[in-house]
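Bear in mind that the values in this text are calculations on the coordinates, not laboratory data. All of these numbers come straight from a predicted model, not from anything done at the bench. Virtual Cβ from ideal backbone geometry, glycine too; neighbours counted across all protein chains shown.
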Amino acid sequence: MQNLSEVLKQFQKQYPKIEQTNITEMIQKISEDDDVRNFWQTHQDELRSDAFQRKLIDLHEFVQQKERIKAGEKSLYPGYYPQLEIEKGYPHVRYVADEQTKKKRMQSEKLTTYKMPKAVADADLQTIALEPGRAQAVTEIVNVLTNILDDSLNYVQGLYLYGSFGVGKTYLLGALANALAANNVDVMMLHFPSFAVDLKDAIGKSNNLKTTLMNQAKTVSVLILDDLGAENLSMWIRDDILGVILEYRMQNELSTFITSNLDMDEMTAYLAETRDDRDAGKAARLMQRIQFLTKQVTVTGKNRRLNQ
Ligand code: ADP
Ligand code: MG
């Protein structure tokens with residue numbers, strides 16, 4: 001039987017001189033800590049008789065780290081909190097990822113980005129201000145997020161964020177991507193113009209990169225095509241890359257998002273004319289897929305890039 005107050009009494013008998021030092025204070029703190037007390041009570045039958053003495057420093061670390069985290073001070077392992085567990089009859093301090101760290105870890109596992117700006121990694125739906133120009137987009141994004149996380153819904157139509165340069169379209173969908181990944185949904189966010197150029201450069205070389213990226217873009221649970229319409233369009237990019245991805249996603253009813261500086265009418269004209277051909281029919285068919293997959297939402301506001 002390992003009653004904590006008994007252990008303390010014995011400990012103090014054994015080391016009568018320590019009363020003058022701050023070890024007394026340290027022991028006091030440890031013995032008053034609720035988690036230590038609970039731990040001792042839960043494991044009283046398993047704890048060795050010298051557990052307190054031998055693990056005094058560990059217990060001290062446990063209490064001290066908890067205090068630091070609570071006070072918002074720098075802790076030993078930022079993003080992790082200490083927990084006591086029993087190991088061969090002794091208390092042992094284990095560090096467990098806190099909620100935010102778990103989310104971050106999940107995000108990095110679930111989110112694939114391709115040539116996206118760094119700032120997107122920090123985009124957080126919860127901190128986005130509801131300015132008038134983006135209120136509708138934020139509301140729609142929150143709705144779509146809720147629907148995608150609702151397992152009872154099979155297909156959730158994505159959004160087509162249209163607006164001028166710098167209003168925050170990419171940032172908004174970056175925040176959506178982070179929220180989805182944090183909730184265990186596979187997301188891929190592609191800067192489409194870079195993706196198009198890199199795939200073109202990969203032609204004739206080892207086709208691995210192209211095959212992997214294309215397969216992922218086709219099949220990932222949620223795909224975000226960023227900045228569609230900014231690339232120098234070739235027939236190959238339009239028909240064999242964009243067309244193939246959109247066709248697959250439409251057939252398989254997979255949520256897809258687009259950001260663009262072009263609205264859907266301008267996009268139709270843009271898709272009709274490539275470097276190689278002019279084909280209004282093809283453009284119309286592509287637009288049908290885009291319209292099936294996305295709903296247009298306009299984002300307005302100031303150009304945030306000018307304020308940096
Ligand atoms: P767009 O894609 O519409 O051209 P971006 O999403 O790239 O615009 O946003 C322009 C700049 O403003 C970027 O540097 C981005 O990080 C920043 N930004 C946009 N929205 C926010 C926001 N809500 N909070 C903080 N920074 C933002
Ligand atoms: Mg953008």
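Under 8 Å for C-alpha pairs, at least 6 residues apart: give me the relative contact order for the chain, rounded to a whole percent.
Dividing the mean separation by the residue count of the chain yields 18 percent.
Can you list the HN-Hα couplings for segment 168-177, worked out from phi with the Karplus curve (6.51, -1.76, 1.60; θ = phi - 60°), rounded to whole Hz and with x for Gly and Pro?
x, 4, 5, 4, 5, 6, x, 5, 5, 4
Using Cα pairs closer than 8 Å and at least 6 residues apart in sequence, work out the relative contact order for segment 161-229, in percent.
Answer for segment 161-229 is 41 percent.
Enter the Cα centre distance for the pair segment 260-308 and segment 77-156, rounded to the nearest angstrom.
Value for the Cα centre distance between the two parts: 30 Å.
Step through the residues of segment 142-147 one at a time and calculate ³J(HN,Hα) from phi using the Karplus curve (6.51 cos²θ - 1.76 cosθ + 1.60, θ = phi - 60°), rounding each to whole Hz and writing x for Gly and Pro.
With the stated coefficients, segment 142-147 comes to 5, 4, 4, 4, 4, 5 Hz.
Amide H of residue 296: which non-local residues (sequence gap of 5 or more, or other chain) have their own amide H closer than 5 Å, using H built in the peptide plane?
160
Principal axis extents for segment 4-97, Cα atoms only, whole Å, descending order, please.
Its Cα atoms span 39, 31, 18 Å along the three principal axes.
Which value in deg cm²/dmol, rounded to the nearest 500, describes the helix-derived mean residue ellipticity at 222 nm for the chain, given -39,500 (n - 2.57) per DSSP H run of n ≥ 4 and division by the residue count?
The per-residue figure over the chain is -15000 deg cm²/dmol.
Under unit Cβ charges (Lys, Arg +1; Asp, Glu -1), what dipole magnitude, rounded to 20 debye, does segment 71-211 have relative to its Cα centre?
For this selection, approximately 500 debye.
Report the residue, chosen from 32, 253, 61, that carries the largest GNM mean-square fluctuation when the chain is represented by alpha-carbon nodes joined by springs under 10 Å.
Result: 32 has the largest fluctuation of those listed.
Below 16 Å, Cα to Cα, which lysines can residue 295 reach? Residues fewer than 8 away in the same chain don't count.
169
Starting from the Cα gyration tensor of segment 115-258, take the square roots of the eigenvalues, sort them a ≥ b ≥ c, and report rounded, prolate or oblate (rounded when a/c is under 1.5, otherwise prolate if a/b is larger than b/c, else oblate).
It comes out prolate by the Cα gyration axes.
Over 26 Å between Cα atoms: which of 13/66; 13/55; 9/55; 104/210 fall into that group?
13/66; 104/210
For residue 205, list the lysines whose Cα falls under 24 Å from its own Cα; do not include residues on the same chain fewer than 8 positions away.
By straight Cα distance, residue 205 reaches 115, 218.
What percent of all Cα-Cα pairs in segment 197-308 falls into each 10 Å bin, going from 0 up to the bin containing the maximum distance?
Final binned percentages: 12, 42, 33, 11, 1.
Report for the chain the percent antiparallel among DSSP-assigned beta bridges with both residues inside it, nearest 5.
Roughly 30 percent of the DSSP beta bridges within the chain come out antiparallel.
Tell me, what HN-Hα J-couplings in whole Hz come from the Karplus equation 6.51 cos²θ - 1.76 cosθ + 1.60 at θ = phi - 60° for each residue of segment 93-103, using x for Gly and Pro?
Per residue, the Karplus-derived 3J(HN,Hα) values read 8, 10, 9, 10, 4, 7, 4, 5, 5, 4, 4 Hz.
Tally Lys/Arg at +1 and Asp/Glu at -1 over every other residue whose Cβ is under 11 Å from the Cβ of residue 168; what's the total?
Counting the neighbours of residue 168, the net charge comes to +4.
Percent relative contact order of segment 56-144, based on C-alpha pairs within less than 8 angstrom and at least six residues apart?
Normalised by residue count, the contact order of segment 56-144 is 18 percent.
For a quick check: sort 224, 141 by the number of other beta carbons within 10 angstrom, fewest at the front.
Ranked by crowding around the Cβ, least crowded first: 141, 224.
What ratio of Cα Rg to 2.2 N^0.38 Å holds for the chain?
1.46
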